[in-house]
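K.L.:
Quick one: this structure, given as structure tokens, is what I'll be asking you about.
The values are calculated or read from the model by the stated rules, or taken from the named source; none is laboratory data. The structure displayed is predicted, hence computed values, not measured ones. Virtual Cβ from ideal backbone geometry, glycine too; neighbours counted across all protein chains shown.
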Amino acid sequence: MKNDKVLIFDTTLRDGEQAPGASMNKDEKLEIAFLLERMGVDIIEAGFPISSPGDFESVRQVAKAIKTSTVCGLARAIRKDIEAAYDAVKVAKNGRIHVFLATSKIHLEHKFKKSQDEILAMAIDAVKFAKSRISNVEFSPEDASRSEKKFLYRILEAVIKAGATTVNIPDTVGYKTPDEYGKLFSDIRNNVPNIYKAVISTHCHDDLGMGVANSLAAIKNGARQVECTVNGIGERAGNAAMEEIVMALKTRSDFYRCDTNIKTQEIYKASRLVSKMTGFLVPPNKAIVGANAFRHESGIHQDGVLKEKSTYEIMSPESVGVPVGNLFLGKHSGRHAFKVRLKALNVELKDADLDKAFEEFKKLADQKKQVFDEDLLAIVEDNNKVFEPVWELVDLINTSGMKITPKVEVTLKSKGKKFVKVSSGDGPVDACYKAIDKIIGIQGELLDYSIQSVTHGQDALGEVSVKVKINDKSVISRAASTDIIVASAKAYLNAINKVISTEDREAKSKGAPVASSRGRRSLL
Ligand code: KIV
Ligand code: ZN
């Protein structure tokens, strides 16, 4: 018997972005959307257009650029929300409006102070209104899993009659167990007479760590769309992780009998990109994409894997695009070998970008005995910026120790001119950031700082992720180097360049002079 298809609805750009501190700008969202499309995501929920002009514009840009995936905008069951969602997605080749309205007693009594009949009328009106604008309409009874079942059946039947083509059953607060949530889907299929006219969708949060298990239980019981996010980012404890669901369906196809359209080899790249854009590092033990997910530490396991991989491996790292710690390149490798290796890692660069990345690789190969696939990906990500950097790090001299005040001399370059400043600080990173601030004439506030090694070994690249507030804008940025103070400086400069590029774009749209052409002191 042929497997069923489960549609992947990725909400990294909407529910994922609701994770505290995960906000992304328009260009970053667009870059993620392109990757999701390339991966084969069926529906991309690009944002909540009414929530802010920035979100509206992001959804519109994604809708304009994406050709094969359906682009979806979220709306409350209010006409002005639906109108905004429609305005944002109407340029899409395939657009969808996603309307949501809470249906649980708790929400009705405390949030809306409305009766079930009033909520039912609102839902019908909203779906009919959305349907008058676009044919592809999804309805979500928010907090469905805690709603009174009879009311849930009633509202689902009514919205399908009103034109909803997908009905989503959110476990909004991550409360259900897999048995209960799975049964809810079979109950819905048995009690909503017109349910066969719509796709049933699952949407799970991870408050009790059951988001993925619940999503899979829903699929086992008839859900044919699954809403999820890359790395499981999202509101509170997050959403169900896309990579885990996709790989569970693939690896246990014998059990679930369902396929997806996802090109699983792109999973690792998507995980890295979302981590880079949000600044959320992936824990080493994270399933599928964590640094340890395919590493075998115990001697018995290593011995087994060397004899026969399937002794301890249920899927291959290659199947999700995880570099396997292979050592392919060294300081004598040429540009061609570098290009070929990147291609094997699913990375294709334009000639100019390849030259730049190759230059970085040569520098790294001089500093580091062994250059691993993970290092190559870090180099490529470092160079792959969605903006032109105004400031570049030329040199850094760090003097620190246990009994002296740390002092850092930084040399930066902008528009061909070099600037040097020295500063002391509470630690070398603080001193370095103060020196950069002095040169550029800003006062950045470091809100968050984390560091992780890219590979193992004493000469491993250190990857620094920072969240910085500059001119009331919080930005997240990342950079890697074998020297962690250099990585820190680069990550901070990336954040500054990001702010400059955003301010330039805003100024251009208002017809004002751009920040990057207003001279050094007034760059920001
Ligand atoms: O968790 C939730 O209920 C949601 C809805 C808007 C679908 O995110
Ligand atoms: Zn949600």
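K.L.:
Condition first: without any contact (Cβ under 8 Å) to a residue 60 or more places away in the chain and either away from ligand 2 (no atom under 15 Å from the Cβ) or not assigned by TED's automatic domain parsing to the domain that holds R189 (or both). Now tell me which residues in the range 232-244 satisfy that. Before the answer, list the steps.
P.N.:
Here is the first cut: in the range 232-244, the ones without any contact (Cβ under 8 Å) to a residue 60 or more places away in the chain are 232, 240-241, 244.
E244 - this is the single residue of the range 232-244 that is without any contact (Cβ under 8 Å) to a residue 60 or more places away in the chain and either away from ligand 2 (no atom under 15 Å from the Cβ) or not assigned by TED's automatic domain parsing to the domain that holds R189 (or both).
K.L.:
Output the residue which, of all residues in the range 1-58 that are closer than 25 Å to L447 by Cβ and of a type in the set (A, V, I, L, M, F, W, C), is surrounded by the most Cβ atoms within 10 Å (Cβ to Cβ).
P.N.:
Checking each candidate, the answer is L13.
K.L.:
Counting just the residues of the range 122-156 that are within 24 Å of D187 (Cβ to Cβ), in a loop (DSSP other than H, G, I, E, B) and touching a strand residue (DSSP E or B) at 6+ places or on another chain (Cβ under 8 Å), which one comes out nearest to ligand 1 (Cβ to nearest atom)?
P.N.:
This residue is D143.
K.L.:
Step by step: first the residues of the range 24-48, then only those that are within 23 Å of I97 (Cβ to Cβ) and in a loop (DSSP other than H, G, I, E, B), then the one that is farthest from ligand 1 (Cβ to nearest atom). Which residue is that? Spell out how you get there, then give the answer.
P.N.:
Looking only at the range 24-48, we keep the residues that are within 23 Å of I97 (Cβ to Cβ), and these are 24, 26, 29-30, 32-34, 36-37, 40-48.
Keeping just the survivors that are in a loop (DSSP other than H, G, I, E, B) gives 24, 40-42, 48.
Working: M24: 17, G40: 22, V41: 17, D42: 17, F48: 8 Å.
The selected residue is G40.
K.L.:
Now a separate question. Among the residues of the range 64-82, which ones are surrounded by fewer than 19 Cβ atoms within 10 Å (Cβ to Cβ) and assigned to a helix (DSSP H, G or I)?
P.N.:
At the first step, the residues of the range 64-82 found to be surrounded by fewer than 19 Cβ atoms within 10 Å (Cβ to Cβ) are 64-65, 67-68, 78-80.
Selection gives K64, A65, R79, K80.
K.L.:
On to the next question. Return a yes/no flag: does the range 245-265 have any residue that is in the same structural domain as G21 (by TED's automatic domain parsing), within 16 Å of ligand 1 (Cβ to nearest atom) and part of a loop (DSSP other than H, G, I, E, B).
P.N.:
No, the range 245-265 contains no residue that is in the same structural domain as G21 (by TED's automatic domain parsing), within 16 Å of ligand 1 (Cβ to nearest atom) and part of a loop (DSSP other than H, G, I, E, B).
K.L.:
Same structure, new question: Taking the residues in the range 155-171 that are within 16 Å of ligand 2 (Cβ to nearest atom) and out of contact with any helix residue (DSSP H, G or I) (no Cβ under 7 Å at 6 or more places or on another chain) as candidates, determine which candidate is farthest from A19 (Cα to Cα). I'd like the intermediate steps shown before the answer.
P.N.:
Within the range 155-171, the first condition is being within 16 Å of ligand 2 (Cβ to nearest atom), and the residues that meet it are 166-171.
Going one step further and asking which of them are out of contact with any helix residue (DSSP H, G or I) (no Cβ under 7 Å at 6 or more places or on another chain), we end up with 166, 168.
Values: T166: 25, N168: 21 Å.
Across the range 155-171, the extreme among qualifying residues is T166.
K.L.:
If you don't mind, another one. Would you confirm whether any residue within the range 294-310 is away from ligand 1 (no atom under 16 Å from the Cβ) and closer than 22 Å to I8 by Cβ?
P.N.:
Scanning the range 294-310, I find no residue that is away from ligand 1 (no atom under 16 Å from the Cβ) and closer than 22 Å to I8 by Cβ, so the answer is no.
K.L.:
Applying the selection to the range 124-141, what residues are of a type in the set (S, T, N, Q) and surrounded by 24 or more Cβ atoms within 10 Å (Cβ to Cβ)?
P.N.:
Restricting attention to the range 124-141, the residues satisfying the condition of being of a type in the set (S, T, N, Q) are 132, 135-136, 140.
Within the range 124-141, just S140 meets the criteria.
K.L.:
Condition test on N285, is it away from ligand 1 (no atom under 16 Å from the Cβ) and in a loop (DSSP other than H, G, I, E, B)?
P.N.:
Values: away from ligand 1 (no atom under 16 Å from the Cβ): yes; in a loop (DSSP other than H, G, I, E, B): yes.
Considered against the rule, which asks whether it is away from ligand 1 (no atom under 16 Å from the Cβ) and in a loop (DSSP other than H, G, I, E, B), N285 comes out as yes.
K.L.:
For the range 363-441, list the strands (runs of 3 or more DSSP E) that sit wholly inside it and hold at least 3 residues that are under 32 Å from the mean Cα position of the chain (by Cα) and under 22 Å from L461 (Cα atoms); which are they?
P.N.:
Values: elements: 392-399, 407-414, 417-424.
Here the list reads 392-399.
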